[in-house]
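K.L.:
Input: one structure, supplied below.
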Amino acid sequence: MAFGQLGRRAQDAARAEPAAVLLASAGRPFSDEAVRQAVAAAHGEPIWVLSIARIYGTAFGLQNPSLLPTKREWAAQADLVEAAVKKIKRARGSAKGEVIATRDAAKTFIRAARRHSVRCVVLQPAEGGRLRRLVEGDPVARLRRRLGSGVEVGEVGTGP
(Lines give C-alpha, C1' and ligand atoms only; values in the text may rest on other atoms or scores of the structure.)
Protein backbone atom coordinates (compact mmCIF):
# COMPACT_ATOMS: atom_id res chain seq x y z
CA MET A 1 0.00 0.00 0.00
CA ALA A 2 1.43 3.41 -0.96
CA PHE A 3 1.67 6.35 1.45
CA GLY A 4 -1.00 8.21 -0.54
CA GLN A 5 -3.55 5.56 0.46
CA LEU A 6 -2.81 5.73 4.17
CA GLY A 7 -4.19 8.24 6.64
CA ARG A 8 -1.89 10.85 8.18
CA ARG A 9 -1.30 8.91 11.40
CA ALA A 10 -0.60 5.70 9.51
CA GLN A 11 1.86 7.58 7.28
CA ASP A 12 3.66 9.01 10.33
CA ALA A 13 3.87 5.57 11.93
CA ALA A 14 5.15 4.01 8.71
CA ARG A 15 7.87 6.68 8.33
CA ALA A 16 8.85 6.80 12.02
CA GLU A 17 12.30 5.53 12.76
CA PRO A 18 12.35 3.16 15.73
CA ALA A 19 14.31 4.35 18.74
CA ALA A 20 15.08 2.84 22.12
CA VAL A 21 14.93 6.10 24.10
CA LEU A 22 13.09 9.39 23.79
CA LEU A 23 15.08 12.29 25.28
CA ALA A 24 12.51 15.05 25.72
CA SER A 25 12.44 18.65 26.91
CA ALA A 26 9.74 21.28 27.11
CA GLY A 27 12.15 23.91 25.81
CA ARG A 28 15.05 23.74 28.26
CA PRO A 29 18.63 22.84 27.31
CA PHE A 30 19.49 19.18 27.78
CA SER A 31 21.84 18.68 30.70
CA ASP A 32 24.84 16.36 30.63
CA GLU A 33 23.03 14.16 33.16
CA ALA A 34 20.01 13.82 30.83
CA VAL A 35 22.26 12.79 27.95
CA ARG A 36 24.11 10.31 30.19
CA GLN A 37 20.83 8.72 31.32
CA ALA A 38 19.56 8.47 27.74
CA VAL A 39 22.79 6.88 26.45
CA ALA A 40 22.86 4.42 29.37
CA ALA A 41 19.24 3.42 28.82
CA ALA A 42 19.70 3.02 25.04
CA HIS A 43 22.36 0.29 25.28
CA GLY A 44 23.77 1.26 21.88
CA GLU A 45 20.40 1.63 20.14
CA PRO A 46 19.17 4.91 18.57
CA ILE A 47 17.92 7.83 20.67
CA TRP A 48 15.24 10.27 19.51
CA VAL A 49 15.69 13.84 20.83
CA LEU A 50 12.58 16.03 21.04
CA SER A 51 12.21 19.64 22.14
CA ILE A 52 9.07 21.76 22.30
CA ALA A 53 8.59 25.21 20.78
CA ARG A 54 5.73 26.40 22.96
CA ILE A 55 2.49 27.80 21.55
CA TYR A 56 0.84 30.19 23.99
CA GLY A 57 -2.87 30.83 24.39
CA THR A 58 -5.93 28.71 24.89
CA ALA A 59 -7.47 26.02 22.76
CA PHE A 60 -10.78 27.90 22.74
CA GLY A 61 -9.46 31.26 21.52
CA LEU A 62 -9.13 32.43 17.96
CA GLN A 63 -5.88 31.66 16.21
CA ASN A 64 -3.40 34.45 16.56
CA PRO A 65 0.03 34.41 14.87
CA SER A 66 1.58 36.31 17.77
CA LEU A 67 0.99 33.25 20.00
CA LEU A 68 3.03 30.97 17.75
CA PRO A 69 6.79 30.45 18.15
CA THR A 70 8.92 33.03 16.37
CA LYS A 71 11.74 32.14 13.98
CA ARG A 72 14.18 32.94 16.77
CA GLU A 73 12.41 30.54 19.15
CA TRP A 74 12.36 27.80 16.48
CA ALA A 75 16.09 28.33 15.86
CA ALA A 76 16.86 28.26 19.60
CA GLN A 77 15.04 24.94 20.02
CA ALA A 78 16.72 23.49 16.92
CA ASP A 79 20.09 24.48 18.40
CA LEU A 80 19.20 22.69 21.67
CA VAL A 81 18.32 19.51 19.79
CA GLU A 82 21.47 19.73 17.66
CA ALA A 83 23.64 20.21 20.76
CA ALA A 84 22.04 17.18 22.46
CA VAL A 85 22.54 15.03 19.34
CA LYS A 86 26.23 16.06 19.28
CA LYS A 87 26.61 15.17 22.99
CA ILE A 88 25.05 11.77 22.37
CA LYS A 89 27.32 11.10 19.40
CA ARG A 90 30.38 12.09 21.47
CA ALA A 91 29.23 9.52 24.02
CA ARG A 92 29.28 6.92 21.21
CA GLY A 93 25.50 6.83 20.78
CA SER A 94 23.36 7.39 17.71
CA ALA A 95 20.65 10.02 17.69
CA LYS A 96 18.32 12.12 15.60
CA GLY A 97 15.88 14.76 16.71
CA GLU A 98 13.14 17.23 15.98
CA VAL A 99 11.38 20.32 17.29
CA ILE A 100 7.59 20.36 17.52
CA ALA A 101 5.33 23.33 18.27
CA THR A 102 2.54 22.52 20.71
CA ARG A 103 0.52 23.78 23.65
CA ASP A 104 0.58 20.43 25.47
CA ALA A 105 4.11 19.07 25.82
CA ALA A 106 3.10 15.87 27.63
CA LYS A 107 0.66 14.89 24.87
CA THR A 108 3.37 15.46 22.26
CA PHE A 109 5.85 13.35 24.26
CA ILE A 110 3.28 10.52 24.42
CA ARG A 111 2.69 10.63 20.67
CA ALA A 112 6.43 10.65 19.93
CA ALA A 113 7.07 7.74 22.32
CA ARG A 114 4.39 5.68 20.60
CA ARG A 115 5.44 6.74 17.09
CA HIS A 116 9.06 5.68 17.65
CA SER A 117 8.19 2.60 19.76
CA VAL A 118 10.56 3.62 22.56
CA ARG A 119 11.07 1.57 25.69
CA CYS A 120 12.31 4.47 27.82
CA VAL A 121 11.57 8.22 28.09
CA VAL A 122 14.04 10.59 29.76
CA LEU A 123 12.57 14.04 30.54
CA GLN A 124 14.54 17.20 31.11
CA PRO A 125 12.60 18.86 33.95
CA ALA A 126 10.70 22.06 33.19
CA GLU A 127 11.69 25.31 34.82
CA GLY A 128 9.64 26.39 37.80
CA GLY A 129 8.56 24.74 40.95
CA ARG A 130 5.53 23.22 42.57
CA LEU A 131 3.17 25.99 41.47
CA ARG A 132 3.98 25.39 37.81
CA ARG A 133 3.39 21.64 38.24
CA LEU A 134 0.09 22.41 39.95
CA VAL A 135 -1.06 24.56 37.03
CA GLU A 136 0.37 22.51 34.13
CA GLY A 137 0.28 19.06 35.72
CA ASP A 138 3.05 16.54 36.25
CA PRO A 139 4.29 15.33 32.84
CA VAL A 140 6.15 12.33 34.31
CA ALA A 141 3.01 10.99 36.03
CA ARG A 142 0.94 11.64 32.91
CA LEU A 143 3.41 9.80 30.67
CA ARG A 144 3.62 6.84 33.06
CA ARG A 145 -0.16 6.61 33.18
CA ARG A 146 -0.71 6.92 29.39
CA LEU A 147 2.22 4.82 28.16
CA GLY A 148 1.71 1.96 30.58
CA SER A 149 4.20 -0.37 32.20
CA GLY A 150 5.96 -1.26 28.93
CA VAL A 151 7.76 2.10 28.82
CA GLU A 152 10.00 3.38 31.60
CA VAL A 153 9.60 7.11 32.27
CA GLY A 154 12.04 9.14 34.32
CA GLU A 155 12.96 12.73 34.94
CA VAL A 156 16.60 13.76 35.07
CA GLY A 157 17.94 13.17 38.55
CA THR A 158 15.32 10.51 39.38
CA GLY A 159 16.48 7.88 36.87
CA PRO A 160 14.46 6.28 34.05
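The values are calculated or read from the model by the stated rules, or taken from the named source; none is laboratory data. Keep in mind that what you see is a predicted model, and the values were worked out from it rather than measured. Ideal geometry is used to build each Cβ from the backbone, glycine not excepted, and the neighbour counts take in all protein chains shown.
K.L.:
Checking the condition modelled with pLDDT under 85, assigned to a helix (DSSP H, G or I) and either out of contact with any Cys (no Cβ under 6 Å at 6 or more places or on another chain) or of a type outside the set (A, V, I, L, M) (or both), which residue from LEU80, LEU134 passes? Explain how you work it out, then say what you get.
P.N.:
Details: LEU80 fails: modelled with pLDDT under 85.
Going through LEU80, LEU134 in turn, the sole match is LEU134.
K.L.:
Okay, moving on. Hey, can you tell me all the residues within the stretch 118-137 that are of a type outside the set (A, V, I, L, M) and crowded, with 16+ Cβ neighbours inside 10 Å?
P.N.:
ARG119, CYS120, GLN124, PRO125 - these are the residues of the stretch 118-137 that are of a type outside the set (A, V, I, L, M) and crowded, with 16+ Cβ neighbours inside 10 Å.
K.L.:
Restricting the search to the stretch 82-105, which residues are of a type in the set (A, V, I, L, M) and in contact (Cβ under 8 Å) with a residue 40 or more places away in the chain?
P.N.:
Taking the stretch 82-105 and keeping what is of a type in the set (A, V, I, L, M), we get 83-85, 88, 91, 95, 99-101, 105.
Those that are of a type in the set (A, V, I, L, M) and in contact (Cβ under 8 Å) with a residue 40 or more places away in the chain: ALA83, ALA84, ILE88, ALA91, ALA95, VAL99, ILE100, ALA101, ALA105.
K.L.:
Of all the residues that make up the stretch 105-121, how many are hydroxyl-bearing (Ser, Thr, Tyr) and closer than 13 Å to SER51 by Cα?
P.N.:
First, pick out the residues of the stretch 105-121 that are hydroxyl-bearing (Ser, Thr, Tyr): 108, 117.
Filter again for closer than 13 Å to SER51 by Cα, leaving 108.
Total meeting the criteria: 1.
K.L.:
Of the conditions (1) closer than 22 Å to GLY148 by Cβ; (2) in contact with a strand residue (DSSP E or B) (Cβ under 8 Å, 6 or more places away or on another chain); (3) at pLDDT below 90; (4) of a type in the set (Gly, Ala, Ser), ALA16 fails just one. Which one is it?
P.N.:
Checking ALA16 against (1) closer than 22 Å to GLY148 by Cβ; (2) in contact with a strand residue (DSSP E or B) (Cβ under 8 Å, 6 or more places away or on another chain); (3) at pLDDT below 90; (4) of a type in the set (Gly, Ala, Ser), the one that fails is (2).
K.L.:
For the subset of the stretch 89-104 comprising residues that are among the basic types (Lys, Arg) and surrounded by 14 or more Cβ atoms within 10 Å (Cβ to Cβ), which member is modelled with the highest pLDDT?
P.N.:
Pass one, the stretch 89-104, residues among the basic types (Lys, Arg): 89-90, 92, 96, 103.
Remaining after also requiring surrounded by 14 or more Cβ atoms within 10 Å (Cβ to Cβ): 96, 103.
On the way: LYS96: 94, ARG103: 85.
Once the filter is applied, the top-ranked residue is LYS96.
K.L.:
Within the stretch 48-60, take every residue that is more than 11 Å from the chain's Cα centre (by Cα) and among the β-branched types (Val, Ile, Thr) and give me the one that is modelled with the highest pLDDT.
P.N.:
ILE55
K.L.:
Which numbered condition trips up SER94, out of (1) more than 15 Å from GLN37 (Cα to Cα); (2) hydroxyl-bearing (Ser, Thr, Tyr); (3) over 11 Å from the mean Cα position of the chain (by Cα)?
P.N.:
For SER94, the failing item is (1).
K.L.:
Here's something else I'd like to know. Among the listed residues LYS86, LYS107, LYS71, which satisfies the condition of being within 16 Å of PRO139 (Cβ to Cβ), loosely packed, with under 15 Cβ neighbours inside 10 Å and either of a type outside the set (A, V, I, L, M, F, W, C) or at pLDDT below 95 (or both)?
P.N.:
The match here is LYS107.
K.L.:
Any idea which residue in the stretch 14-51 is nearest to GLY154 (Cα to Cα), counting only those that are assigned to a strand (DSSP E or B) and among the small types (Gly, Ala, Ser)?
P.N.:
ALA24
K.L.:
In addition: Hey, can you tell me all the residues within the stretch 83-121 that are assigned to a loop (DSSP other than H, G, I, E, B) and under 17 Å from GLU45 (Cα atoms)?
P.N.:
Hits for the stretch 83-121 are ALA91, ARG92, GLY93, SER94, HIS116, SER117, VAL118, ARG119.
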